Structure formats: C-alpha cells, structure tokens
Amino acid sequence: KAMSASFEIKPLDTTGRHWVDEFIANRWSAETIVAHGSVYHPAELPGFAACIDQTPIGLVTYSIQDRDCETVSLDSLRPRLGIGYALMDAVLTSAWQAGCRRVWLVTTNDNTLALRFYQRYGFLLSAIRRDAVAENRRIKPSIPLLGLDDIPIRDELEMELVLDEESVKPRFKF
C-alpha cells in the first residue's frame, strides 16, 4: 500500500471489484476495452485502485503474458495529483516482481494527454498501427469516431518501457 496526504493505492482484490465495470463503462463507453484486436474485461484483470476514504478515484488494470506486462487501462478522476504516476509505479513494481522485461500499452492517436503522460513517465513510442481502430470498431462499435479535441480516432500507438532496476524506481514522490 502506498499512501499520500490525499489518496491511497490498493491492489484490486476479488471482493472489491463490484465498482470496476461501472467505472470502466463511464470512462470507456462499455465494460470492455478493445486494443490491437483483443477484447479485455478490466474487472477480471489484476490492477490497482487509487482511493480517497475508500472511494475509488483512479484505476489501472494490466495483463501479464510471458515476460511482458500490458497496461490495459489507466484512469484518474482527479488529474494532476500524481494518481497516474502512483498507479503506474504499482504496475511496474508488480511487473518487475513477476519477472517481466517490459511494460507496454496501446493508446490512440487522438489521446494527446496520454501521450504526454506516458512520455513524461519514460515510455517510448514503439509502433504505429495505421487505421487499426477501424478493426477495433467492428468488435466494439461504441468507440467514437472523434476523440480529444475532435481529432479523428484512427491509429493505435504502442508505447513501451523496458524494465530494469533503474526504471522500476518510483516516480511518484509522497
């Protein structure tokens, strides 16, 4: 558990997941997330919640396969408090402890806030999949055509952070 003056980071457990579907649906237009043609159910994935007085204000979910950890979702209801950094710190620590060599994620071309956040965190752009969102829309039609700042949502951008003892040092300072 990590603690700051305003929020606490807690691992998701099987009893405390009742809110995850609703949280994801409010942020992602459905209880599922589709990326690179894969369908994810965040309520069934490992993750961490950021809470103030037991009320969730942030969520990160991830999936570990082999030696890779994919960050599936990251959301904060209170920007600029360090919640995203603290949640990603928790994922990197878990991935490192599980023997992963990298953490990676997919975002879309319109999500300039995510691109800024992940680059500041230390992630590097590793792939661009042009027009990949069209395929994802066939699986999940609720993906909007326009995103942040009315930018058409078309491309998937893959980002990665290679794990080593230096990269897993916490970035969020209490």
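The values are calculated or read from the model by the stated rules, or taken from the named source; none is laboratory data. This structure is a prediction, so every number in the text was calculated from the model and none was measured. We place every Cβ from the backbone using ideal geometry, glycine too, and count neighbours over all the protein chains shown. Side chains included, ligands, DNA and RNA excluded: accessible areas come from the protein's heavy atoms. Shrake-Rupley method; radii C 1.70, N 1.55, O 1.52, S 1.80 Å.
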message = Checking the structure you have, find out if any residue of the stretch 139-161 is part of a strand (DSSP E or B), in contact with a Cys (Cβ under 7 Å, 6 or more places away or on another chain) and surrounded by 16 or more Cβ atoms within 10 Å (Cβ to Cβ).
response = no
query = What number of residues in the stretch 120-135 are closer than 19 Å to LYS169 by Cβ and either open to solvent by less than 30 Å² (accessible area, probe 1.4 Å) or without any contact (Cβ under 8 Å) to a residue 40 or more places away in the chain (or both)?
reply = 4
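Yes or no, residue by residue, for (1) open to solvent by less than 30 Å² (accessible area, probe 1.4 Å); (2) over 13 Å from the mean Cα position of the chain (by Cα):
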site	(1), (2)
THR71	yes, no
ARG80	no, yes
ALA86	yes, no
LEU92	yes, no
ASN111	no, no
query = Among the residues of the stretch 46-55, which ones are open to solvent by 30 Å² or more (accessible area, probe 1.4 Å) and in contact with a strand residue (DSSP E or B) (Cβ under 7 Å, 6 or more places away or on another chain)?
reply = PRO46
message = without any contact (Cβ under 8 Å) to a residue 40 or more places away in the chain and open to solvent by less than 70 Å² (accessible area, probe 1.4 Å): is that true of SER167 in this structure?
response = no
key: Matching residues, the stretch 87-113, being under 30 Å from ASP131 (Cα atoms) and among the polar types (S, T, N, Q)   = THR107, THR108, ASN109, ASN111, THR112
task = Please specify each residue of the stretch 58-69 satisfying the condition of being open to solvent by 10 Å² or more (accessible area, probe 1.4 Å) and not in a loop (DSSP other than H, G, I, E, B).
result = TYR62, SER63, ILE64, GLN65, ASP68
